[in-house]
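*Asks:* Quick one: this structure, given as structure tokens, is what I'll be asking you about.
The values are calculated or read from the model by the stated rules, or taken from the named source; none is laboratory data. Predicted model only: the values in this text are computed from it and were never measured. Positions of Cβ are backbone-derived with ideal geometry, glycine not excepted, and every protein chain shown enters the neighbour counts.
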Amino acid sequence: MYNYTDTDRQIVRERVAQFRDQTHRHLAGELSADQFRPLRLQNGLYLEKHNPMLRIAIPYGQLSAVQLRALARVTRNYDRGVGHFSTRHNLQLNWVRLEQVPDILADLAQVDMHAIQSSGSCIRIVTTDPLAGVAPGEVADPRPWAEIFRQWSTLHPEFAALPRKFKVAFSGGPDDAASVRTHDLGFELTRDAAGEPGFRVWVGGGLGRTPILAKVVREFLPWRDLLSYAEAVLRTYNLHGRRDNLYKSRIKILVQALGIEEFTRQTEAEWSHLQGGPLTLGEAEAARVAENFAAPDYDVLSGLDVSFEFSRRFDKDFAAWVKRNTHAHRQPGYAAVTLSLKAPGQAPGDATAEQMEIAADLAERFSFGELRSTQTQNLILPDVRKRDLYKLWQAAAKAHLATATAGLLSDIVACPGGDYCSLANARSLPLAAAIQNRFGDRSELDDIGTLRLNISGCVNACGHHHVGAIGILGVDKGGQERYQITLGGSTGPRAAIGSVIGPSVAAAEVPEVVARVIGHYRSCRHPKEAFIDTVKRIGAKNFAAAAYAKEIPTIDYEREVANG
Amino acid sequence: MAKLIKNRDIVANDWKILTLATGESPEAAKLPWGNVLVPLAVWQARKWDLVQRQWEQGHLLGVWLGPQDDPAAIAGDLADLSAIAVDFPVAGDGRGYSLATLLRTRYGYRGELRAIGAIERDYLHFLRRAGFNSFAVSDPESAIVNLDAFSASYQPAADGPLPLSRRPPALAA
């Protein structure tokens, strides 16, 4: 992973000092709440229902064991001992105290971590595929480019006050595991006819209140031009994005209003001034960053490990975990492993300080001391020898990190919801627990197969419900928590925004509605057809009758579609 | 007289800012006595008058741009102007950063570039890097340290064209 230079460290330390000064001035009454707000947001600090929430950055999901231990320490020392891994490579602490935040940041700076640009109207933390560098199918490792982009976008003076937040993702290839199509700006690695790497550039995607999939603004961008092109896109957005209406200020609205052809024309006109300028990347610079991401010192192994095959054959629980929680690796004899943060009774993405420490230990024992955080709110050990999987599984299971549900219905993605977040209309976590409870049986889950279920507590869509095969959105209906069900959402090359299938339902009814939807799928599916494929084949509306089989009052059928 | 930060000094602000009232025509607006920053519309309507006034009375002349103004509109006039100001009407409207960047990096403006309006000390570092060298900030004496909140930066900006990673090590620090 990327090794901080002295300059990187100096910038982080200076940011801590700057924020300490800002916090002191705010607490002393010299900075009003309104003045302090954008300053604290650009450092990941929200003032929430009960307490401030601090969102710590894990740029493009890369964590060292040392860093994860430090996260465990701040979680224990400054919070209540539980942290929440979000869908965007962040760790959120829900119970910090404002006056202690500068100290938390100072502690994090010791391990090259920070909360810079984890919120606010600026370029946010860049995201990528959690299997970057080890996934067999990728065109190239996206991490060096994500790091180059991280550096360029950090404390960028021209883009410090954009119309709204700006999220950037890098995908390693056409599989689009980072979901460039749902980002403000996305770079998909590809190669030109001569084999030179570059990017297909996507712009104007986003979830939130108005979900829109990104469009291609440039079919091929040579890698040297990555930053100058980004500057052209950002400048076009900064100058012309709407600032009169918070809900219409994302770049997706600008792209929609201008049309992709006109947006492209404006961006390319701007770029014509910048192309070949000082932002042009050189070989030496690209190589300097890339060497940080060189493959670790792998053992030369056979793809087939006898002890692993033996364990898998004779331990059914282990076999079930291997099937779901291990992933193909480009290096023979290795696998990538999901450490699940979806244990029954635990909020999705939550990890205790002890679990973080154990995960850090496991990373050191089995995976070169590195981990990744994922968009599905789990952790990944990227480089585990197959022969170590059994030992790893046993140790992970003891720490409740081996729930064998990765990619299944109960691998639920959920925002913190109404229990913590002051934006939420409804709670997410009790609902996630109820659904996990309803689908606790492993053979049933296994039969249902791959299925992404996402829960958001409000239209801001932090739980990415729009792209869940089953999406659940909390809405406020006359002071009551209700939930809207969408079907058919997905990310990747076949990305789609889910469709609302009918009226919202009460919390208590949601697990049953989900069960009826699943029942309909099981009766309609073709052999080996995944849930999402059945929905795409027969249409989301086809599920409505089954979903609402029970008598449900239809008075609110006409309610505003909250994602409209 | 109010003070401001200019070229890292604290100096008296001896400029007046002409603002058009709603419906007021740029042709008819009365110019105040002394150095004046006029809105783009006034400059465009009365270039010759304004240059002549500068010449005859010795009062300095500048133009101020709002966030919606295109700096290309004055790209050919830079030699006539003693100062350019960019207005930030509300905190959080960051278009002025791009205007300043364009004036410095695309149109080659090298004179006084002043940030006016909702300017707070916590943004001085960004403003400086975007190309401003003059800051109408309240309490400039305590604000001036914020110009150098960071001793290094990652990206080229109007204050220096080379990215950190491509500077010789001695400069990168």
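*Asks:* Output the residues belonging to segment B:129-155 that are under 26 Å from residue A:148 (Cα atoms), more than 8 Å from chain A (Cβ to nearest Cβ) and in contact with a helix residue (DSSP H, G or I) (Cβ under 6 Å, 6 or more places away or on another chain). Reasoning before the result, please.
*Replies:* Let us first name the residues in segment B:129-155 that are under 26 Å from residue A:148 (Cα atoms), namely B:129-131, B:147-155.
Filter once more, keeping what is more than 8 Å from chain A (Cβ to nearest Cβ): B:131, B:147-148.
If the condition is that a residue be under 26 Å from residue A:148 (Cα atoms), more than 8 Å from chain A (Cβ to nearest Cβ) and in contact with a helix residue (DSSP H, G or I) (Cβ under 6 Å, 6 or more places away or on another chain), then B:131, B:147 are the ones that fit.
*Asks:* Residue A:145 versus (1) within 22 Å of residue A:285 (Cα to Cα); (2) crowded, with 24+ Cβ neighbours inside 10 Å; (3) within 14 Å of chain B (Cβ to nearest Cβ); (4) in contact with a helix residue (DSSP H, G or I) (Cβ under 6 Å, 6 or more places away or on another chain): which is the lone unmet condition?
*Replies:* All conditions are met except number (4).
*Asks:* Please determine, by comparing only the residues of segment B:110-129 that are of a type in the set (A, V, I, L, M, F, W, C) and either buried (at least 18 other Cβ atoms within 10 Å of the Cβ) or touching a residue at least 60 places away in the same chain (Cβ under 8 Å) (or both), which one is nearest to residue B:78 (Cα to Cα).
*Replies:* As a first pass, look at segment B:110-129 and keep what is of a type in the set (A, V, I, L, M, F, W, C): B:113, B:115-116, B:118-119, B:124, B:126-127.
Remaining after also requiring either buried (at least 18 other Cβ atoms within 10 Å of the Cβ) or touching a residue at least 60 places away in the same chain (Cβ under 8 Å) (or both): B:113, B:115-116, B:119, B:124, B:126-127.
Details: B:113: 11, B:115: 17, B:116: 19, B:119: 24, B:124: 24, B:126: 23, B:127: 20 Å.
The extreme case among them is B:113.
*Asks:* Here is a follow-up. When segment A:153-180 is examined, which residues are found to be of a type in the set (A, V, I, L, M, F, W, C) and assigned to a loop (DSSP other than H, G, I, E, B)? Give the steps one after another, and end with the answer.
*Replies:* Keep residues of segment A:153-180 that are of a type in the set (A, V, I, L, M, F, W, C), which gives A:155, A:159-162, A:166, A:168-170, A:177-178, A:180.
Listed by number, the residues that qualify are A:155, A:159, A:160, A:161, A:162, A:177, A:178.
*Asks:* Suppose we keep only residues that are among the aliphatic types (A, V, I, L, M) and without any contact (Cβ under 8 Å) to a residue 40 or more places away in the chain within segment A:217-242. Which one would you say is nearest to the other protein chains (Cβ to nearest Cβ)? So that I can check it myself, show each step before the final result.
*Replies:* Initial filter on segment A:217-242 (among the aliphatic types (A, V, I, L, M)): A:217, A:221, A:226-227, A:230, A:232-234, A:239.
Cutting the leftovers down to without any contact (Cβ under 8 Å) to a residue 40 or more places away in the chain gives us A:221, A:239.
Numbers: A:221: 18, A:239: 5 Å.
Result: A:239.
*Asks:* Given the criterion in the same structural domain as residue A:137 (by TED's automatic domain parsing) and in a helix (DSSP H, G or I), identify the matching residue among A:243, A:235. It would help to see each step written out before you state the result.
*Replies:* Values: A:243 fails: in a helix (DSSP H, G or I).
Exactly one of A:243, A:235 is in the same structural domain as residue A:137 (by TED's automatic domain parsing) and in a helix (DSSP H, G or I), namely A:235.
*Asks:* Now a separate question. Please state which one of A:344, A:332, A:382 is under 23 Å from residue A:60 (Cα atoms) and either touching a residue at least 60 places away in the same chain (Cβ under 8 Å) or assigned to a loop (DSSP other than H, G, I, E, B) (or both).
*Replies:* On the way: A:344 fails: under 23 Å from residue A:60 (Cα atoms); A:332 fails: under 23 Å from residue A:60 (Cα atoms).
Just a single option satisfies the conditions, and that option is A:382.
*Asks:* Oh, and also: For segment A:273-297, enumerate the residues that are away from every other protein chain (no Cβ under 14 Å) and either aliphatic (A, V, I, L, M) or within 28 Å of the chain's Cα centre (by Cα) (or both). Full working, then the answer.
*Replies:* First, pick out the residues of segment A:273-297 that are away from every other protein chain (no Cβ under 14 Å): A:293-297.
Once the filter is applied, which keeps residues that are away from every other protein chain (no Cβ under 14 Å) and either aliphatic (A, V, I, L, M) or within 28 Å of the chain's Cα centre (by Cα) (or both), segment A:273-297 yields A:293, A:294, A:295, A:296.
*Asks:* Follow-up. Here is a check on your reading of the model: is residue B:46 modelled with pLDDT of 95 or more and basic (Lys, Arg)?
*Replies:* Working: modelled with pLDDT of 95 or more: yes; basic (Lys, Arg): yes.
Spelling it out, residue B:46 is indeed modelled with pLDDT of 95 or more and basic (Lys, Arg).
*Asks:* I would also like to ask the following. Run residue A:308 past the list (1) out of contact with any Asp or Glu (no Cβ under 9 Å at 6 or more places or on another chain); (2) over 21 Å from residue A:138 (Cβ atoms); (3) part of a helix (DSSP H, G or I) and report the number of the one that doesn't hold.
*Replies:* The number of the failed condition is (1).
*Asks:* Checking residue A:168 against (1) touching a Leu at 6+ places or on another chain (Cβ under 8 Å); (2) more than 14 Å from chain B (Cβ to nearest Cβ); (3) without any contact (Cβ under 8 Å) to a residue 24 or more places away in the chain, which test does it fail?
*Replies:* Every condition holds for residue A:168 apart from (3).
*Asks:* Please verify whether residue A:45 is under 18 Å from residue A:143 (Cα atoms), more than 14 Å from the chain's Cα centre (by Cα) and of a type outside the set (Gly, Ala, Ser), treating the condition exactly as stated.
*Replies:* Working: under 18 Å from residue A:143 (Cα atoms): no; more than 14 Å from the chain's Cα centre (by Cα): yes; of a type outside the set (Gly, Ala, Ser): yes.
Answer is no for this residue.
Conditions (1) buried (at least 24 other Cβ atoms within 10 Å of the Cβ); (2) modelled with pLDDT under 95; (3) not in a helix (DSSP H, G or I), marked per residue:
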position	(1), (2), (3)
A:186	yes, no, yes
A:201	yes, no, yes
A:209	no, yes, yes
A:220	no, no, yes
A:257	no, no, no
A:268	no, no, no
